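Coordinate-derived values only; no laboratory data. Small disclaimer: the values here were computed from a predicted structure and weren't measured. All Cβ positions, glycine included, derive from the backbone under ideal geometry; neighbour counts span all protein chains shown.
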Amino acid sequence: MDLLSLLNEMEELIENCARIPMTRKVLVDEDRLLDFMDRIRTTMPDEIRQAKWIIQEREKVIADSKREAERVLEDAQKEIEKQAEESEVARQARMVAEEIINKAKTIAQEIRDGARAYADDVLKSLAENTARVMEQIQQGRDELKEMK
């Protein structure tokens, strides 16, 4: 029998007892009341054990839930940090790549400019040499004409 049933029976006993007129007092059979109290005492330990077990299980579930929540939060924090690091690494990589590209463009322009200057110097030298050769050819022709 469970505790609530015993308490209900005890309440029914009190409601059905003889009343003292003009008061709120009742006459209760002492043996029956003591019997209810003994039965309550014998039933109570089981009820208390069940309640303690339920409380322990509830606390265990709460503790497990807290641990799981902490783990999920830690995982989320690690993922956020990882993404932040990856985005920082990507940003830095883009900056380095842009620097390399800009340096390469500058070097390429310097090489083009140097190649043009070199080609211009070679052509100028060639033109000067060609002019001298032409002059010598012309002198040679002029000398041949004079010899005739």
Next on the checklist: Need the full-extension length gain, Arg49 to Val28, defined as separation in residues times 0.36 nm minus the C-alpha distance. One decimal, nm.
Outcome noted: 4.5 nm
Item to check | Using a Förster distance of 41 Å, the FRET efficiency for Lys148-Glu110 (Cβ separation, nearest 0.05) | outcome: 0.15
Checklist outcome for this item: Straight-line reach check, Lys145, cutoff 18 Å on alpha carbons, 8 or more apart in-chain or any other chain, hits among aspartates and glutamates -> Glu135
Checklist entry - Which value in nm describes the separation of the simple spin-label points at Arg39 and Lys124, placed 7 Å from the Cα toward the beta carbon? => result 12.6 nm
Item to check | Anisotropy class of segment 3-147 from Cα gyration tensor, a/c 1.5 cut | outcome: prolate
Checklist entry - Can you list the lysines whose alpha carbon sits under 20 Å from that of Lys60, skipping same-chain ones fewer than 8 residues off? => result Lys52
Checklist outcome for this item: Summed over the other residues with a beta carbon less than 15 angstrom from that of Asp113, with K and R at +1 and D and E at -1, the charge totals 0
Item to check | Most mobile of Glu70, Glu11, Glu85 in a GNM of the chain (Cα contacts under 10 Å) | outcome: Glu11
Checklist entry - Using r as the Cβ-Cβ distance of Val133 and Ala97, and R0 as 41 Å, what FRET efficiency do you calculate, to the nearest 0.05? => result 0.20
Item to check | Summed side-chain charge close to Arg58 - residues other than Arg58 whose Cβ falls under 13 Å, Lys, Arg +1, Asp, Glu -1 | outcome: 0
Item to check | Surrounding net charge for Gln83, when Lys and Arg each add one and Asp and Glu each subtract one, Cβ distance under 14 Å | outcome: -3
